[in-house]
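The values are calculated or read from the model by the stated rules, or taken from the named source; none is laboratory data. Since this is a predicted model, take the numbers as computed values, not measurements. Positions of Cβ are generated from backbone atoms using ideal geometry, with glycine treated the same way; all protein chains shown enter the neighbour counts. When the accessible area is computed, the model is the full protein with side chains, heavy atoms only, and any ligands, DNA or RNA have been set aside. Shrake-Rupley method; radii C 1.70, N 1.55, O 1.52, S 1.80 Å.
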2 protein chains.
Amino acid sequence: MNASDLMTIREMCDAFDVTPRTLRFYEAKELIRPERQGSRRLYSRRDRARLKLILRGKRFGFSLEDIRQMLNLYAREGSNLAQMQSTYDLARERLRLMEDQRDELEIAIAELKAELDAGAMMIAAARAAD
Amino acid sequence: MNASDLMTIREMCDAFDVTPRTLRFYEAKELIRPERQGSRRLYSRRDRARLKLILRGKRFGFSLEDIRQMLNLYAREGSNLAQMQSTYDLARERLRLMEDQRDELEIAIAELKAELDAGAMMIAAARAAD
DNA sequence: AACAAAGTTGACGTTAACGTAAGGCATAAC
DNA sequence: GTTATGCCTTACGTTAACGTCAACTTTGTT
């Protein structure tokens with residue numbers, strides 16, 4: 001990080017634990033827009049903030065396309081009510097999906113555990129009969 | 001289901017809520033082996049049992065390849081200790097993965113909820129200032 | 001000047017689990 | 001006999017998020 005607060009692609013990769021390919025990919029998908037010094041990309045503080053949001057979105061299970069839309073809404077006019085609302089709705093929907101997924105997972109875990117208990121008994125039986 | 005207990009592909013689809021493509025795909029992947037009457041597939045009780053196991057495996061998050069191996073182990077010699085053990089190990093590993101996934105999901109849900117609460121307040125504020 | 005290190009732009013490859021035609025028998029109904 | 005189904009095989013298409021070259025240009029180092 002130099003005086004003007006700009007970072008090279010490698011510094012970004014080290015800082016956020018991503019590959020150059022990933023950063024270029026996000027740029028191609030219009031999720032970030034680093035400035036250029038000649039042909040080299042230089043990432044500003046703002047770019048880093050966006051990347052943070054992107055990575056967080058991914059942890060939440062949003063697709064890059066979802067994230068792009070939310071970022072654009074966010075950026076265009078921070079105070080547009082309708083846009084904030086639609087971002088909000090999107091997030092709520094995602095939350096429901098995540099909760100459903102968690103519930104299904106919980107059920108599957110319980111079932112698999114039961115299965116394993118039964119299987120463990122069968123293995124023990126086979127071993128005993130050996 | 002006729003006298004000999006065999007079902008056509010369509011009956012199978014209706015019974016298990018899958019598409020013909022799916023059944024043929026599973027067959028190509030050597031997960032099921034329906035007999036033929038001419039070129040037509042006919043599914044036996046045994047095939048249905050396997051399909052049940054396949055679908056259950058999918059709910060557990062196993063890949064078709066995992067499932068294939070487990071079915072083969074299961075079928076070859078029901079009482080081979082080493083084989084049962086490896087199936088068991090695979091299942092235990094999968095269980096761990098599922099539990100990890102559930103935990104991460106739980107965290108992400110909590111984070112997203114917090115985010116939404118904050119967002120809700122901002123929207124409310126914007127609406128009030130409107 | 002010469003060479004290595006870092007960055008750039010294409011562009012094809014990967015993975016899983018099917019979807020989706022396209023074109024062709026075959027059997028069942030009318 | 002012919003239309004209407006139903007089934008068959010073959011094979012390319014799909015989706016997401018990058019990975020993995022290849023072939024250059026640019027920059028830094030000695």
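Values computed for the structure shown
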{"read-out": "Every residue from the range B:92-119 that is without any contact (Cβ under 8 Å) to a residue 12 or more places away in the chain, within 7 Å of chain A (Cβ to nearest Cβ) and open to solvent by less than 60 Å² (accessible area, probe 1.4 Å)", "value": "B:Leu95, B:Glu99, B:Arg102, B:Leu105, B:Ala108, B:Ile109, B:Leu112, B:Leu116, B:Gly119"}
{"read-out": "Lone qualifier among B:Arg46, B:Arg10, B:Arg59, B:Arg33 - being within 16 Å of DNA strand C (Cβ to nearest atom) and over 15 Å from the mean Cα position of the chain (by Cα)", "value": "B:Arg10"}
{"read-out": "Subset of the range A:69-80 (residues that are open to solvent by 60 Å² or more (accessible area, probe 1.4 Å) and at pLDDT 85 or above)", "value": "A:Gln69"}
{"read-out": "Positions within the range B:78-91 being more than 9 Å from every other protein chain (Cβ to nearest Cβ) and either among the acidic types (Asp, Glu) or assigned to a helix (DSSP H, G or I) (or both), in sequence order", "value": "B:Ala82, B:Gln83, B:Ser86, B:Asp89, B:Leu90"}
